[in-house]
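The values are calculated or read from the model by the stated rules, or taken from the named source; none is laboratory data. As the structure is a prediction and not an experimental result, all values here were calculated from the model. Cβ: placed from backbone, ideal geometry, glycine included. Neighbour counts: every protein chain shown.
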């Protein structure tokens, strides 16, 4: 998805603008595009009108980056590629439920389709991830009646706060050296939910990473 924003030229008379194409995420709601473009335009106007040399340079760099004249660093690109591969693997290999599906699976479904998932997540009884504008919850977090397993809350507390819930999803998904299976082979936390002590220890010793 591509949108255009107007970049006010610092070397021209007031009102002179340059149209710059801006790439938008493919899964972005079309209704949000106009507000994003407006925010970018306002930011550029503020930076250019400051009339400070270094600020104007930054505005030029921002416009060049938006138009593809500047490329992000190779390291940044590689990191993003690795992250997206990991997230894709975690999602495609997992079994995920939407808020609506969890609602339907309840013995007495709440009227709001976002419940009880929204309340459970708010109280840190479960975690969820966002993909394509929808929230998903790993099925292994629930018992046969689709109530949250108590161990999930305990692990989340030991894990600590995270800005990105995909970190949690990756941690649960990949084999963990602190949890040994037959023959000492590491197993994934999601496959050891009946081993509380080991899960808590592994969560406390985790490192911030998207991959195992």
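Computed quantities for the displayed model
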| quantity | calculated |
| --- | --- |
| Scope segment 171-211; condition over 14 Å from residue 140 (Cβ atoms) and in contact (Cβ under 8 Å) with a residue 60 or more places away in the chain; matching residues | 210, 211 |
| So residue 172, is it at pLDDT 95 or above, more than 23 Å from residue 115 (Cβ to Cβ) and touching a strand residue (DSSP E or B) at 6+ places or on another chain (Cβ under 9 Å) | yes |
| Any hit, segment 145-163, residues being in contact with a strand residue (DSSP E or B) (Cβ under 8 Å, 6 or more places away or on another chain), at pLDDT 95 or above and within 29 Å of residue 80 (Cβ to Cβ) | no |
| Checking residue 197 against (1) in contact with a helix residue (DSSP H, G or I) (Cβ under 8 Å, 6 or more places away or on another chain); (2) more than 19 Å from residue 122 (Cβ to Cβ), the condition it does not meet | (1) |
| Residue check for residue 95: touching a residue at least 12 places away in the same chain (Cβ under 8 Å), under 21 Å from residue 156 (Cβ atoms) and loosely packed, with under 14 Cβ neighbours inside 10 Å | yes |
| Residue 114 being touching a helix residue (DSSP H, G or I) at 6+ places or on another chain (Cβ under 9 Å), surrounded by 13 or more Cβ atoms within 10 Å (Cβ to Cβ) and over 25 Å from residue 196 (Cα atoms) | yes |
